[in-house]
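The values are calculated or read from the model by the stated rules, or taken from the named source; none is laboratory data. Owing to the predicted nature of the structure, the values given are computational and were not obtained by experimental measurement. In this analysis, Cβ positions are derived from the backbone assuming ideal geometry, glycine residues included, and neighbour counts consider all displayed protein chains.
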Amino acid sequence: MRLAPPLLMVGMALPFLAAAEPKHDVKPSIWKIGAAKDGSQSVSDGTLTVAFPAEAKVKAEGDYVSGDAEQKTGKKTKGYLSVERKPLPAEAKKAADPLKWLEASAKAEVEKEKAREPKNYRDVRLLKSEKIDFGKGGGWKSVVDSESEYASLKIEGGMHNVTEQHVVLIGDYLYSLGAGGTGAPAVPQLFGDNTGFHKSEIAQQFLKSVRSVK
């Protein structure tokens with residue numbers, strides 16, 4: 001389970017270092033992106049389809065697709081949306097109840113993140129975890145809050161990355177949909193507070209748009 005797309009768990013490249021970044025081969029995407037009748041962007045691998053908002057800047061590489069989005073009506077929020085396909089692990093195939101395996105996997109991932117880079121990451125909390133209905137395979141929903149320090153500066157309230165993750169099981173694959181944002185709740189005037197993005201209409205429409213093609 002990926003807790004956070006590129007924002008978020010990786011460092012930002014400084015502008016003057018951009019030219020020195022090593023080149024890497026872009027992996028061909030398994031996803032096809034097209035325009036849907038309602039104006040959204042339809043993303044599909046032939047088995048699952050999900051709708052990104054029309055204004056999102058969607059990027060696809062390999063088994064991963066992500067895009068930034070902003071809700072301009074009502075409470076203004078912005079964040080990221082993502083979907084990733086991964087082969088079903090061997091232990092999940094052997095599990096008597098794959099959904100129980102998904103639940104245990106979500107909780108284990110939080111514990112794994114807690115132990116990651118202890119100097120930079122102070123706390124990772126599982127705020128919510130529950131079963132979601134999706135076809136024959138079903139799925140699991142989790143909302144995770146990752147609180148961290150920012151560039152070794154002490155920010156009141158810390159930098160929070162709150163991500164809502166929906167993981168669904170279809171055939172031999174796990175599909176992970178994520179919606180989240182990063183901000184410093186106590187000082188939004190400096191860093192913004194997008195930690196509630198996953199609750200926004202635009203994020204929830206994305207998470208609920210997932211459909212099985214087959």
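Considering every residue within region 113-123, establish whether at least one is farther than 18 Å from residue 206 by Cα, crowded, with 18+ Cβ neighbours inside 10 Å, of a type in the set (A, V, I, L, M) and modelled with pLDDT under 90.
No: zero hits.
What are the pairs with Cβ atoms under 7 angstrom where one residue, in region 186-214, is among the aromatic types (Phe, Trp, Tyr) and the other, located anywhere, is in a helix (DSSP H, G or I) and surrounded by 15 or more Cβ atoms within 10 Å (Cβ to Cβ)? Sequence gap at least six, or different chains.
Short answer, once both residue conditions are applied: 197/203.
Might you check whether a residue that is modelled with pLDDT under 90 and loosely packed, with under 15 Cβ neighbours inside 10 Å occurs anywhere in region 137-144?
No, the conditions are met nowhere in region 137-144.
Looking at (1) surrounded by 12 or more Cβ atoms within 10 Å (Cβ to Cβ); (2) touching a strand residue (DSSP E or B) at 6+ places or on another chain (Cβ under 9 Å), which is the one condition that is false for residue 87?
(1)
Give region 60-73 a look and list any residue that's surrounded by fewer than 15 Cβ atoms within 10 Å (Cβ to Cβ) and either within 14 Å of the chain's Cα centre (by Cα) or under 19 Å from residue 194 (Cβ atoms) (or both), or say none.
72, 73
Counting only residues that are closer than 13 Å to residue 167 by Cβ, give me the strands (runs of 3 or more DSSP E) lying completely in region 56-134 with at least 1 of them. If you could, list the steps in order and put the result at the bottom.
Numbers: elements: 57-61, 64-71, 77-87, 121-132.
The qualifying strands (runs of 3 or more DSSP E) are 77-87, 121-132.
Looking at 107, 131, 76, can you tell me which residue is under 21 Å from residue 212 (Cβ atoms) and basic (Lys, Arg)?
Exactly one residue qualifies, and that residue is 131.
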